[in-house]
């Protein structure tokens, strides 16, 4: 995921990468940098991929935490426990930040 973030506008490499000309769709083999040119000039697919990865990691973490907590003595009921864990993880989630700042940088 850190490699994907290198092509986003908040990356230290972006000022250099953004100097690449837009890709030429009529001659995709004209330059070896065609793929990176396309990515730099349209970061939405990269943002979507990063969000998918982050969501999967967060879902896995929530599931593990639920499994761990449900075995505790005196734990809340299943629905309340799920809401508590979701609330804790949602407040720390990177998805909203990525969506907000990533979207703003593509405008």
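A few remarks follow.
- Within the range 25-56, if we keep just the residues that are in contact with a helix residue (DSSP H, G or I) (Cβ under 8 Å, 6 or more places away or on another chain) and over 29 Å from residue 95 (Cα atoms), the residue that is surrounded by the most Cβ atoms within 10 Å (Cβ to Cβ) turns out to be 31.
- Tallying residues that are part of a helix (DSSP H, G or I) and over 17 Å from residue 97 (Cβ atoms) within the range 25-47 yields 9.
- For the range 10-24, filtering for residues that are in a helix (DSSP H, G or I) and surrounded by 12 or more Cβ atoms within 10 Å (Cβ to Cβ) leaves 2.
- Contact annotation: no residue pair with Cβ atoms under 9 Å, 6 or more positions apart or on different chains, pairs a residue in the range 69-97 that is at negative phi and touching a residue at least 24 places away in the same chain (Cβ under 8 Å) with a partner that is exposed (fewer than 10 other Cβ atoms within 10 Å of the Cβ) and in a loop (DSSP other than H, G, I, E, B).
- Checked across the range 93-106, the condition of being over 26 Å from residue 15 (Cα atoms) and either modelled with pLDDT of 85 or more or surrounded by 11 or more Cβ atoms within 10 Å (Cβ to Cβ) (or both) holds for at least one residue.
- Scope the range 10-21; condition in contact with a helix residue (DSSP H, G or I) (Cβ under 6 Å, 6 or more places away or on another chain) and farther than 24 Å from residue 99 by Cα; matching residues: 20
- Residue 59 vs. criteria touching a residue at least 24 places away in the same chain (Cβ under 8 Å) and within 20 Å of the chain's Cα centre (by Cα): no
- Considering the range 57-77, the residues that are in contact with a helix residue (DSSP H, G or I) (Cβ under 7 Å, 6 or more places away or on another chain) and either more than 19 Å from residue 4 (Cβ to Cβ) or not in a helix (DSSP H, G or I) (or both) include one that is modelled with the lowest pLDDT, namely 75.
The values are calculated or read from the model by the stated rules, or taken from the named source; none is laboratory data. From a predicted model like this one, the values you see are computed outputs, not experimental measurements. A quick note on method: Cβ atoms are made from the backbone with ideal geometry, for glycine too, and the neighbour counts reach across all protein chains shown.
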